[in-house]
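Structure record follows, encoded as structure tokens.
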Amino acid sequence: KGGIDEFVVYLVTGGGNPGSGMELYNFFKARPERTTIYNMSSVDSAGVLFFLGFQKRYGLPASSFMVHQTKFSKASLPDWYSYSDLKKSEMELLAVDQKTHRVIATETAPKAEVPLSVEDVEAAASRTTIYFAEDALRHGFIEGIMTPTMPIQDVFYLTDQYLAGLPD
């Protein structure tokens, strides 16, 4: 109703919860509007999934993408943890990794000069790999290396400073 026909996101993120990254990926894949995203510096971990949900994807000349195996904090574990609990956690981490690797391979392939297979992504994640702009372009994370001109009117910038000021 508001006449929005395109979402443009200027993103820098160290990542976060892999489930949230997948949810944002699915949300933007389902949007009927045009979607464009720019990697303004680094997009890491779960942020890569979010980034890949956009139709048009660009990176600045000094941008990078980091992929690694799924991790969780030991602080989230209970004091007492059984072997079966450990095996269940291992299976959950493996499932998240497999889903993430498939999305990365599927979404980068159409834009890639040198496509990454699921096995390539698994290997990259197992050793923690950073793709700099030229490699990201070659492997299809982005379709161009450019510095955007950011608008100054008729735009809303959602920043971490803005979010910090919101009531709980």
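Please treat every number below as a calculation from the coordinates, not as lab data. Source: prediction; values computed, not measured. Note: ideal-geometry Cβ built from the backbone for every residue, glycine included; neighbour counts use all protein chains shown.
Secondary-structure-derived ellipticity at 222 nm for the chain, considering helices only, amounts to -11500 deg cm²/dmol, per-run term -39500 (n - 2.57) for DSSP H runs with n ≥ 4. For S117 and N26, the difference between the fully extended length at 0.36 nm per residue and the C-alpha to C-alpha distance is 30.7 nm.
Which length gain, in nm to one decimal place, applies between A109 and E33 when the Cα-Cα distance is subtracted from 0.36 nm times their residue separation? Numbers along the way, then the final one.
Working: separation 76, 0.36 × 76 = 27.36 nm, distance 2.24 nm.
Computed gain between A109 and E33 is 25.1 nm.
For the cross-link pairs K87/K111; K56/K87; K71/K111, the ones whose C-alpha atoms lie over 31 Å apart are K87/K111; K56/K87. With the alpha-carbon atoms of region 35-99 aligned to their principal axes, the span from lowest to highest coordinate is 47, 20, 15 Å, starting with the largest. Between region 95-138 and region 1-60, what's the alpha-carbon centroid distance in Å? Cα centroid of region 95-138 versus Cα centroid of region 1-60: 16 Å apart. Which residues in region 39-63 have a backbone N closer than 15 Å to a point placed 7 Å from the Cα of K71 along the Cα-to-Cβ line? Residues 44-47 qualify, since their backbone N sits under 15 Å from the label point. Note on V12 and D160: the extension gain reaches 52.2 nm, defined as 0.36 nm multiplied by sequence separation minus the Cα-Cα distance.
With the cut-off at under 13 Å, measuring from each backbone N in region 15-39 to a point 7 Å along the Cα-to-Cβ line of M146 picks out 36-39. Amide H contacts of Q69: T128, each under 5 Å away and 5 or more positions distant or on a separate chain (H built 1.01 Å from N in the peptide plane; Pro and chain starts excluded).
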